[in-house]
Every structure is written in structure tokens, then in C-alpha cells.
1. For the chain, find the longest principal axis of its Cα atoms and tell me its angle to the long axis of helix 72-81, 0 to 90°, nearest 10.
2. Against the longest principal axis of the chain, how steep is helix 42-53, in degrees 0 to 90 to the nearest 10, with axes from Cα atoms?
3. Just to confirm the number: angle between the C-alpha axis of helix 108-120 and the first principal axis of the chain, 0 to 90 degrees, nearest 10?
4. Sort the following peptides by mean Cβ neighbour count (other Cβ atoms within 10 Å, averaged over residues), highest first: 59-65, 140-146.
5. For F38, what residues show an amide H to amide H distance below 5 Å, using hydrogens built from the backbone and excluding near sequence neighbours?
6. Would you please name the GluC sites (Glu not before Pro) within region 79-128 that are DSSP coil residues with at most 14 other C-beta atoms within 10 Å of their C-beta?
7. If each DSSP helix of 4+ residues adds -39,500 (n - 2.57) and the sum is divided by the residues in the chain, what number results at 222 nm, nearest 500 deg cm²/dmol?
8. Spelling out what I want: for every residue of region 162-170, take phi, set θ = phi - 60°, compute 6.51 cos²θ - 1.76 cosθ + 1.60 (Karplus), and round to whole Hz; glycine and proline get x.
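Each value in this text was obtained by applying a stated rule to the coordinates, not by laboratory testing. Given the structure is predicted, the values throughout are model-derived calculations rather than measurements. Methodologically, a virtual Cβ is constructed for each residue, glycine included, from the backbone with ideal geometry; neighbour enumeration extends over all protein chains shown.
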Amino acid sequence: SIVPFLTNIHLNNRFGNFIPKDYGYNMLVSCDEGAVVFTNGDNDTFPLWFVQEVLGIKRDVIIANLSLINTDWYIKQLKYWGVPISFSEYVIKRLQPQITSDRRIIYVKDIMIRHIIAVNAGIELKPEDYFSTQEDFAAKYLKGYKGKRPIYFASTVSTENYQGFLPYLK
């Protein structure tokens, strides 16, 4: 129907709104070549994808959306794009959230963040490494970290995703 279109066009018109494009551009140009950037959701991911796909800027940077990374199809897509993931398709299909003995919930995104960080540096994690606290994981693996690809967390990512890593971030 035309009535909803006409009555709502002023609310949905993005003409002249350059904030998302500028945000995406600024995020990407601040990344080193070949980086992996963890983003939070659609509002901070889509502007980066727009800048890459439409404007052709920093197409070598891989955007890893932490909302989507909880799904097996997206993990497979990231692996196909070149994100350092060594899990087989069999393992990826079976990843599930877990509850630790001290009642912490480890989501698939938590497993994947650790896995990507480790594989990127040629580190093979033990099963218990996926369930340790972020602080313990960081102390064990991030001191003197040397990964093949630079890894970034977008400023919009909730600190719960990297809180224990803070002493090792710059």
C-alpha cells in the first residue's frame, strides 16, 4: 500500500546521513592490512560491509560479527573468507554454549574468539583453555602475542567480550 510508504518516508529516508558510511570508513582505514575485526551487531557491521563492497575500501579486512558467529553457517563463511579457523566442519556444526563448573556460560562466540586468536598465532588450545576465565586465557596466551593477522575489537563491542584481554590490547 502507498499510504504507509508516504506517511513513513520521512522517518526512513537516509539521504544525507553520512554517519554510517563515515563510521565504516574510519573503522576500516584504522585497521592494518589483512586484519580481522570483531564487531557486535548489524549497526556496526553493515557500515563496514557497505564501505568494503560498495566503495571498495579495505576489502582485505575481514569483519567477524559476534552476533552471527554463534551460528555454524557463519563460522564456515569466516573460515572460507580466510579467518584463521582450524575446526573441521564436523566440529563447527556441533559447537554449543557450555556451562562451566563455576556456573559461567561460555557461548559459541567466546569459543570462537579464543580459537581465532590462538590459531592466528599457531597455538593449539587444550579443551580446558576454552573454559578458563578470560584473564587466565589472556595471561597464558596473549603476553608477547604474535599473530599472522592483526585482530581488532570494534569500539561498539561489549567489554564482556574482551574484558580479560584489556591489559594486552592497544
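1. 90
2. Between the helix axis and the principal axis of the chain, the angle is about 80 degrees.
3. 70
4. Details: 59-65: 20.4, 140-146: 12.4.
The most tightly packed comes first, giving 59-65, 140-146.
5. The answer is A64, Y152, F153, A154.
6. Working: sites: E89, E124, E128; in loops: E124.
Those satisfying the criteria are E124.
7. On the way: 7 runs with 71 residues, N = 170.
When only DSSP H runs of four or more count, the value is -12500 deg cm²/dmol.
8. 9, 3, x, 8, 3, x, 9, 9, 10
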